[in-house]
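First comes the structure, then the notes that go with it.
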Amino acid sequence: MIRIATEADAAACHAIYAPVVETSAITFETELPGEDAMRGRIRARLANHPWLVWEEYGEVLAYAYAGRFRERAAYDWIAETSIYVHEKARRRGIAKRLYGTLLEVMARQGINQAVGVITLPGETSVAMHEAMGFTPAGVWPKAGYKLGRWWDVGVWSKFMSEPAVPPTPVVPFAELAAAGGLDDLLRP
């Protein structure tokens, strides 16, 4: 089941994220945040952007979220996305289904472009993004230093709708969810 994350999911999200921080360059976060920090991230994100979880038999196996791309108001219609899947749940199609739902939610908010930032080479992430309709948008060479080396970062983007002129304001996630605009996609 795909549903909106709650603060009660912080421990499960933390458990999924911990090995990614500690043993890979998938994220450039170098210090593992605690469960309280994860809870705060979920709470803060849900006001304006989606944070979704994939749950099976009461266990959270994956989570995906969107967030502000840049701080300036002119960027309101583009959001950066992230997804993390528990190692025991990989290669089951969960990422594509959860990510697809995330993109649909963003489109309903009026966000017209999603951006995925991938540590290269990142073959699995690149393949998934391209299967979801993302296209390469650029590379930042030697953008981050982690695990004793410099890593390039690739940017992939996907337009979910053609940008309107003038654009309508993006609907905050909490407002869309409260109005029932996601009932057909998610369980609150």
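Structure values in brief
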read-out	value
Unique residue being farther than 20 Å from Gly93 by Cα and of a type outside the set (Val, Ile, Thr) when the list is Glu31, Glu56	Glu31
Residue in the range 28-69 that is least open to solvent (accessible area, probe 1.4 Å), counting only those that are touching a residue at least 40 places away in the same chain (Cβ under 8 Å) and in a loop (DSSP other than H, G, I, E, B)	Pro50
Scan of the range 154-169 for residues that are of a type in the set (Val, Ile, Thr) and within 16 Å of the chain's Cα centre (by Cα), ordered by number	Val155
Hits in the range 140-188 - residues which are among the charged types (D, E, K, R) and either within 23 Å of Arg97 (Cβ to Cβ) or open to solvent by 100 Å² or more (accessible area, probe 1.4 Å) (or both)	Lys142, Arg149, Lys158, Glu162, Glu175, Asp183, Asp184, Arg187
Some residue of the range 138-145 being under 21 Å from Trp51 (Cβ atoms) and either touching a helix residue (DSSP H, G or I) at 6+ places or on another chain (Cβ under 9 Å) or not β-branched (Val, Ile, Thr) (or both)	no
Tally, over the range 80-121, of residues that are surrounded by fewer than 20 Cβ atoms within 10 Å (Cβ to Cβ), of a type in the set (Gly, Ala, Ser) and under 20 Å from Glu29 (Cβ atoms)	1
Every residue from the range 91-121 that is more than 12 Å from the chain's Cα centre (by Cα) and among the aromatic types (Phe, Trp, Tyr)	none
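Results for (1) at pLDDT below 95; (2) among the polar types (S, T, N, Q), shown as yes or no for each residue.
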{"site": "Ala107", "(1), (2)": "no, no"}
{"site": "Gln113", "(1), (2)": "no, yes"}
{"site": "Thr119", "(1), (2)": "no, yes"}
{"site": "Gly133", "(1), (2)": "no, no"}
{"site": "Lys142", "(1), (2)": "no, no"}
{"site": "Val153", "(1), (2)": "no, no"}
{"site": "Pro163", "(1), (2)": "yes, no"}
{"site": "Phe173", "(1), (2)": "no, no"}
{"site": "Leu186", "(1), (2)": "yes, no"}
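The values are calculated or read from the model by the stated rules, or taken from the named source; none is laboratory data. A quick note: this is a predicted structure, and the numbers were derived from the prediction, not measured. Glycine also receives a Cβ, built like all others from the backbone with ideal geometry; neighbour counts cover every protein chain displayed. Surface accessibility is based on the protein's heavy atoms, side chains included, excluding ligands, DNA and RNA. Shrake-Rupley method; radii C 1.70, N 1.55, O 1.52, S 1.80 Å.
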